[in-house]
Structures are given as structure tokens and as C-alpha cells.
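One structure is given here, and the rest of the page talks about it.
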């Protein structure tokens, strides 16, 4: 009986997600859902991404957090549209649901937006189970989390289209085996795109920009 | 209607948790629930803890993971009892429930155990919502996760009795503000115990041992 309820919730979410994607397609908005553990570097990566895209594109952000507006405030120094979704009023949920994204984007003038970034709740489990309506899911996996995380949290990697291996500036300090991490990602999602990035040194940031703009072009310029 | 179902699940879990605690009390088992983000250092800290306590105490471990037995295998080099709980057969839940702990500890000869460590699923949200029956909740917060995490994920800190600030050997590399992190912990849970630890340098490990043995003594030797 409980499983039935869960399925009902999931398919309702899927339907809203599909509706939102259609809406984004109509308006030419390329929507990206950033997922990752708490502290994996999603917000910092988003700051770098905004800096990089701003000269050429209009950007909006939906910030998901259980509570606080800390991340939204960090982004408020940029000329971007930001909507904050706090899940505490919804039982402190550890994911964003499509209907909350739908409500959030109503805050924006959608005619003018090229890229929409959704920063999901910091969590390697729940967000993977709920579609947001975004065109692409990006998994930010930071080096200090360890090489075994893809094996331990496979779903988040399986539903993603790209893994950003973040904080790679710490490779030497942490004696981290990036190849092992990439191998483990391949095991759970063969052929997925991977980019090593560092907000600190700037490594990989241009590749990430190229990936984003190319994916957008594939979708809207054909 | 859904909220009603949720409450029912929660109170059933609470009842089982209470039952387990009574059982631990009867057998003189001091039970500790380790929570934290993926990659916060729970397993490594557990390895250090086992090394430290083994000469004087008998130890058992319940390893919680969505999938894999990677962590349990790491601990299998020690003469400790280990039971693995994988939640994938239970829908890939991001927390451990009391009834699963109850089943897991049945694997052990409980008469001989002094300390039981429960390593919860790597997650800063869900595990905080489900009692495990442990006497104490320990939150492992690693330096690379950033100073703002207590504000963003307050519940996990509020239900905990001690915060282990882990990977403090990275303070200089990460320009991390430990005082700010401790201030933020105080904001959400005033007066909570805090110990700075590093598995790499050994910092704080003796303080953590003292905390554990003292808490056990308070419970069973009075």
C-alpha cells in the first residue's frame, strides 16, 4: 500500500517534469540540474559557470536548500535571476520536486533566459529519484569524497549526463586516485561524459563551458 | 493523508528503536550511530576508533550502505563482528531503520560486546529523521564540506550528541575557518560537544576515545 502511494507521487512528478521540459523547449531555455553531496562544490562551480557564460548569455538559477538562502546570496552579486526553494516547509525534503521548479520559474521573465541552472539539495541519493524537468543532470563529485562513491551511490551517476570531478587541485594533498574514480564511474554508467575541474586553478572550466554551449546548440540550433 | 502514513512509519520506527535501546542497556552494549555526508570520513574514523579500543573492548559494527560491502571489507581486517545492511532491497533508502538494526544485531553474540558502532548511510538529511536505537548520535563533518553546512542541514546537528570535525589536517590547504564552522554548529545546537580530529595526523583521536569511554562509563558504571 505504501509502495502504491510512492509510485503515485513519482509518476505525478514525472508528468510535471515533462510539462516543464516542454515549456523550456518552447522558450529556448537550456536547463541543467546540478546534483552532488553537501560541500561537493556545486555553488562554487555555479559561480564560475555564471562568470564564464554571462558575457554571452542570460542566466537564471533555482537554488534548492532545505533551509537558508546562503547559496542564493552568494550568487546575488551577479546580474542573474535567482529563485530560492526551501524544502523545510515541505517536511525538509532532501530533493527538489518538479512542481516546486515549476512554481520557482514563474518568478522569471522566461522569454529572455538562455540557461537555467537548478542547484539541487546537497545529497547523493534523493535528488536522483526525482526528475526536475531539466534537459541534463550534472553530478558534481569532489575529490575529498573518495574514489568509491560511484559504486556506493550508483543511481545518481546513472541518471546523470556528465560528471564534474571537482576540487582536482587537491589531488596531491589527498593522494587521490582520479583514474580509479573514473573507472568506478564507468562501471556504473559506461560512456558518461567526465570533466576534471578546479574552481581554484581554473582547470577544466573551459571544457565545461564548451560542453554546456555545445549541448545547448545540439538542442536548439538544429 | 500522506502525512498520516509518514507519521505512522515514524512512530513504528521509534518504538523499535526504544526496544533496541532497552536491549542494549540490558546487555551492557554502548551503541553509537555515526552520521555524515558521503566521504566525510566515517569509515576511516571507525577504523581508527576500532584500533584504539580493541585492546580493551569487544566491538561490533553495523555497516549501512545503499549497495556494496566496500566499507565492511575495509573493517574485516580487525577482529570485530560486522553485519552489513544494504538498503537497495528496501528501495535504496538513504537512512537505516531501527528494524534493520534489530535484524543485524541478531547476527552477533551480544553477551560479549562492549561497543556497537552503526555506520549510517552517507547522507546529511535522511538518517537524522530515523532513530536507530543507539545511545549517542555522532555527526562527522569534514573540513572540505565547508563552514555553512550546520546552517543548511540543521536537523542532523540537532539530533547529535557530538560533532567530530574531521580532516582538520587540511585546514591550511583549504583556508577553512574552523571557528566559523564551530560557531555555526553552536547556532543550531548550542552546547553540543565538538572534537577536531584527523585520521592522518592522529589529532583529537585520544579525546574521541576519552569521550566514548566516559560516556559508556556514565551509562553502565553508575
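For the segment A:148-156, counting C-beta atoms of other chains within 10 Å of every residue's C-beta and taking the mean gives 5.
Sorted shortest first, the distances from the residue B:56 label point to those of the same residue in the other copies are 6.3 nm; each point sits 7 Å from Cα along Cα-to-Cβ.
Rounded, prolate or oblate for segment B:2-217? Axes are the square roots of the Cα gyration tensor eigenvalues, ordered a ≥ b ≥ c, and the cut-off for rounded is a/c under 1.5. Provide the component values of the computation, followed by the final result.
On the way: a/c = 1.58, a/b = 1.18, b/c = 1.34.
The shape class here is oblate.
Label-point spacing for residue B:180 across the identical copies (point 7 Å from Cα in the Cβ direction), in nm and ascending order: 3.1. Within 10 Å of the Cβ of each residue in B:171-179, the mean number of Cβ atoms contributed by other protein chains is 1. Legend: mean number of C-beta atoms from other chains within 10 angstrom of residue C-beta atoms, peptide A:57-70, equals 2.
Express the C-alpha Rg of segment A:128-222 as a ratio against the empirical globular expectation 2.2 N^0.38 Å, rounded to two decimals.
Details: Rg = 13.8 Å, N = 95, 2.2 N^0.38 = 12.4 Å.
For segment A:128-222, the normalised Cα radius of gyration comes out at 1.11.
Its DSSP H runs of at least 4 residues, each contributing -39,500 (n - 2.57), put the calculated 222 nm mean residue ellipticity of chain A at -12500 deg cm²/dmol, to the nearest 500.
Here residue A:107 and residue B:173 are evaluated by their C-beta separation; at R0 = 56 Å the FRET efficiency comes out at 0.90.
With the Cα gyration tensor of segment A:22-101 giving a ≥ b ≥ c as the square roots of its eigenvalues, does the rule (a/c under 1.5 for rounded; else a/b larger than b/c for prolate; else oblate) give rounded, prolate or oblate? Please list the in-between numbers first.
Values: a/c = 1.87, a/b = 1.25, b/c = 1.50.
Oblate shape, in that a/c is at least 1.5 and b/c is the bigger or equal ratio.
From Cα pairs below 8 angstrom and at least 6 apart in sequence, can you work out the relative contact order of segment B:2-217, rounded to a whole percent? Write out the running numbers ahead of the final one.
Working: 391 pairs, mean separation 51.8, N = 216.
24 percent.
Of B:97, B:47, B:145, the residue with the greatest mean-square motion in the GNM of chain B, using alpha carbon springs below 10 Å, is B:145. Stokes-Einstein diffusion for the protein assembly as shown at 25 °C, viscosity 0.890 mPa s, with a Kirkwood radius from C-alpha pairs, works out to 108 µm²/s.
Across the identical copies, the label point of residue A:200 (7 Å from Cα in the Cβ direction) is separated from its matches by 1.0 nm, in order from shortest.
Just so you know, all these numbers are worked out from the coordinates, no wet-lab data involved. Model, not experiment: these values are computed from the prediction. Cβ atoms come from the backbone with ideal geometry, glycine included; neighbour counts cover every protein chain shown.
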